[in-house]
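As structure tokens, the structure follows; a few thoughts come after it.
The values are calculated or read from the model by the stated rules, or taken from the named source; none is laboratory data. Remember, it's a predicted structure, so these values are computed and weren't measured experimentally. Quick reminder, even Gly has a Cβ in these numbers, built from the backbone with ideal geometry, and neighbours come from all protein chains shown. Quick note on the areas: whole protein, heavy atoms, side chains included, nothing else; ligands and nucleic acids left out. Shrake-Rupley method; radii C 1.70, N 1.55, O 1.52, S 1.80 Å.
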Amino acid sequence: MLHSKFKRLLFLLAFFFVATSSTLWSVQSTLSKSDVKSVMQDLLVYHVEFKEMNPELIKRSFYFYIEQFDILKAFLTEKEVASFLNPSSKMVQDAIDRYNKNDLYYFEELQSLVQNAVIRARRNRALIRAEVEKNLMSAQSNVGEYELTTSYPKTESALVRRQKQHMERFIHIQEKASPYGISKQDYKRIFDYYESRMQEYENMHFIDPSAGNFHENLEHGCSLHTLKAMARSLDPHSAFFSPDEARGMQSSLSKNFCGVGLVLQRDFRGIIVREVLKGGPAERSGGVGTGDQIISIDNHELDSLNYKEVVKLLEGRENSEVTLLIKKMSENNLDETEYVTIQRGKVGLSQKLIDSSYEKCDGGIIGKITLNSFYNNQAGVSSAKDVKKAIEEFKQQGELKGVILDLRENTGGFLIEAVEVAGLFITNGVVVVAKFADGKQHYLRNLDGKVSFDGPLVLLTSRLSASSSEIVAGTLQDYGKALIVGDPSTFRKGSIQYQTLTIPKAKHYFKVTIGRYYTVSGKSTQLEGVKADVLVPSHYYKEKIGEQYLTYPISKDSIEPAFDDKLADLDPKAKDIFTRFYLPSLQKRTDKWRSMLPELTKNSARRISKNPDYQTFLRQINGEFKPGETEFDESKVDLQMEEAVHILNDMMRLENKSEKKLAAHR
């Protein structure tokens, strides 16, 4: 298991190279200074808390403009950013006055700072590379712990040290990731790769003065990054996107695109196949495997292309063909190449989004469903349909005694799908209430009156379970239909976003927080999350993950419970129909499972305390791992799922005991 600081470093290094933007300078996406106020007015109309540009938002915007460029604090010095991170009241008011006149003076100053920082960093890297190369060749390289800091270097010499440390750490990561070791020739490739990745990242923010249309591009770049910073200043979930980013988000939301079904990664060797998606075109071709290197695509050499340009070459019309030149990576023969032709097709990610299995128990089976997202695409694939189908298939294998719905890494998705999934376990009733900036409340209900499964139900959650996952977990907990098992709390996101990403030919692409949502009890999951009924720690247990760790989250509140649905949001005609056909089947609250919690909690804690694997695992995540102690391999045993099964068996046993007791008194 990776040390948590090292894991965070890997994340930050990855962010350094892939975060924000893409090809910024296409004519279709050119922005002007006047677009900034125009777009922000649209966002402020919708936003749940802020309605006009004010001093707080300006100060936040300065911070995020710098942060989105220099997240690792490896480009700028403390002195250079001081006036923007601690601006005077006069400076802030002047920035607001200029904003209202479409004048981005202070953000242009920040852009100039970024331009100079990139030029300096490129100059520094040329000198640092010579020193690091010399140390590597003489076996004097000494890579220490990377400095994860919230402060900027105080001096330029300290900045150079940090840049050197960043380069050394990158090389060290490449060394550890290489399956067959690193040769002296490989080191040159690693240095070249590092420089190309750095320049690729820098070019998202840096405008080459020698390029054509310099002033137009400069204005576009400043406007784009100002909009990104200002949108982000509203709250952690509001954002502005370039058209290319919007296209990527659209594919992510639909979980469906046309390509070859390969997951790629880039390292110093080039473009490497990280995964071949099951059921995809590449797997059907049989010619590409994990670890293979792609040399060319339709005779386009890939050396000079960035990652997104490579991905675009793989995309195309359905049933069209693409030819890859593949180098088979093996220890004995690294130069074996072959051409592979693949017919492009729809690559749905739904096979990665749900997984179901079952195990036998006394008198029947326990069904286990892992749902990684709440999805719905044009092909009719949806999370609710897939969960319902899994339950139906369980019933064909034997009497379904209990169900575990695993939401541990489900970070959300379509809200309506969360309503549909929760509706599989209740009759009729409110699933979630949305309240908007004007105070109006909108009720999302389950209406079909049918229940797919009405027995013992466990929802397995973690600190990563967010948004729509929290709606499902919170509402089923409120009704008493399920017990929540896992980390102390879920992610704690309880906000609703409006987005233009799925609007065809939208003028601008953004998402903005427009309200809060509440479970049927009236509780908001914002900054509260859904509390576990039985604590069964995951490997995220000690991680600082959650809404409360994000910068400037919106506040929390609560509303009146909606168990006894008053139909307050409906017109008289609709209310009459709902009164006749909806209210008679309204889901009732039950304390059946919660009444068992004292015994369930005691039994679970005892099992965990006596499980040597779980105790090793807990020492690891608590930072108490002893030197020389064998690490617990999470890939072999799912400890949380095992314990969830035990808890479910306890629920069934206690239910049978209760039913026998009632029968004896009749």
Point to revise | Sites residue 89 and residue 176 - FRET efficiency at Förster radius 35 Å, r taken between beta-carbons, to 0.05 | key: 0.10
Check your understanding: For P(r) over Cα pairs in 10 Å bins from 0, in percent, the listed values are (i) 3, 11, 16, 18, 16, 12, 9, 7, 5, 3, 1, 0, 0; (ii) 3, 13, 21, 25, 22, 12, 4, 1, 0, 0; (iii) 3, 12, 18, 19, 18, 14, 9, 5, 1, 0; which was obtained by calculation from the structure presented?
Key -> (ii)
Revision key, fill the gap. Looking only at lysines whose Cα falls under 20 Å of residue 544's and that sit 8 or more positions away or on another chain, we get 5, 7, 493, 531, 556
Practice item. Pull up the DSSP beta bridges for the chain and report the antiparallel fraction as a percent, rounded to 5. Key: 75
Exercise for review: When a/c is below 1.5 the answer is rounded, else prolate if a/b is larger than b/c, else oblate, so apply that to region 373-526 with a ≥ b ≥ c taken from the square roots of the Cα gyration tensor eigenvalues.
Suggested key: prolate
Practice item. Post the alpha-carbon centroid distance, region 493-507 to region 621-637, in whole angstrom. Key: 42
**Study point:** Rounded to whole Hz, the Karplus (6.51, -1.76, 1.60) HN-Hα couplings of region 405-420, x for glycine and proline
**Key:** 9, 8, 10, 4, 10, 8, 9, x, x, 5, 4, 5, 5, 4, 4, 5
Review point. Say each of residue 303 and residue 203 gets a label point 7 Å from the Cα, pointing the same way as Cα to Cβ; how far apart are those two points in nm?
Key: 1.6
Point to revise | Estimated FRET transfer efficiency (residue 71, residue 126; beta-carbon r; R0 25 Å; 0.05) | key: 0.60
Practice item. Can you work out the accessible area per residue across region 362-482, with the rest of the protein chains kept in place, probe 1.4 Å, in square angstrom? Key: 34
Practice item. Could you state how much accessible area residue 626 has, in square angstrom rounded to the nearest 10, with a 1.4 Å probe and all protein chains kept in place? Key: 120
Exercise for review: State whether region 583-628 is rounded, prolate or oblate according to the following rule on the C-alpha gyration tensor (a ≥ b ≥ c being the square roots of its eigenvalues): a/c under 1.5 gives rounded; otherwise a/b larger than b/c gives prolate, and the remaining case gives oblate.
Suggested key: prolate
Review point. Which residues' amide hydrogens lie under 5 Å from the amide hydrogen of residue 321, considering only partners 5 or more residues apart or on another chain, with H built in the peptide plane?
Key: 344
**Study point:** Pairs from 90/154; 308/507; 37/507 whose Cα-Cα separation, in the structure shown, is over 21 Å
**Key:** 90/154; 308/507
Practice item. Could you tell me which GluC sites (Glu not before Pro) in region 370-423 are loop residues by DSSP with no more than 14 other beta carbons within 10 angstrom of their beta carbon? Key: 399
Exercise for review: Whenever you get a sec, compute what percent of the accessible area on the chain sits on carbon and sulfur atoms (1.4 Å probe).
Suggested key: 49
Study note, to complete from the structure: Mean accessible area per residue over region 570-661 (1.4 angstrom probe, all protein chains present, square angstrom) is 64
Study note, to complete from the structure: Residue-ordered couplings for region 430-437, obtained by feeding phi - 60° into the Karplus form 6.51 cos²θ - 1.76 cosθ + 1.60 and rounding to whole Hz (Gly and Pro as x), are 5, 9, 8, 10, 10, 10, 9, 4
**Study point:** Amide H contacts of residue 271 (H built 1.01 Å from N, under 5 Å, at least 5 apart or other chain)
**Key:** 294
Review point. According to a simple spin-label model (label point 7 Å from Cα along Cα-to-Cβ), what is the distance in nm between residue 337 and residue 389?
Key: 4.1
Point to revise | Surface accessible to a 1.4 Å probe, per residue, for the residues of region 34-124, Å² | key: 44
Check your understanding: Per-residue ellipticity at 222 nm for the chain, helices alone: DSSP H runs ≥ 4 residues times -39500 (n - 2.57), over residue total, nearest 500 deg cm²/dmol?
Key -> -14000 deg cm²/dmol
Check your understanding: Roughly what angle does helix 105-137 make with the longest principal axis of the chain, taking Cα atoms, 0 to 90 degrees, to the nearest 10?
Key -> 80
Check your understanding: Whose amide H sits under 5 Å from the amide H of residue 509, counting only residues 5 or more places off or on another chain, with H placed in the peptide plane?
Key -> 241
Point to revise | Positive-end residue, the chain charge dipole about Cα centroid, Cβ charges, pick of 485, 316, 341 | key: 485
Exercise for review: Report the charge-dipole magnitude of region 395-475 in Debye, nearest 20, computed about the Cα centre from +1 at each Lys and Arg Cβ and -1 at each Asp and Glu Cβ.
Suggested key: 120
Review point. In terms of Cα to Cα distance under 18 Å, which lysines are near enough to residue 346, apart from those fewer than 8 places away along the same chain?
Key: 255, 278, 312
Check your understanding: Using a ≥ b ≥ c from the Cα gyration tensor of region 341-434 (square roots of the eigenvalues), is it rounded, prolate or oblate, where a/c under 1.5 gives rounded and otherwise the larger of a/b and b/c decides, a/b for prolate?
Key -> oblate
Revision key, fill the gap. To the nearest 0.05, the calculated FRET efficiency linking residue 662 and residue 38 through their beta-carbon distance, R0 being 60 Å, is 0.35
Check your understanding: Given charges of +1 on the Cβ of Lys and Arg and -1 on the Cβ of Asp and Glu, with all other atoms neutral, how large is the dipole of the chain about its Cα centre, in debye to the nearest 20?
Key -> 1260
Check your understanding: Between the DSSP loop rule and a limit of at most 10 other Cβ atoms within 10 Å, which chymotrypsin sites (Phe, Trp or Tyr not before Pro) in region 552-592 are left?
Key -> none
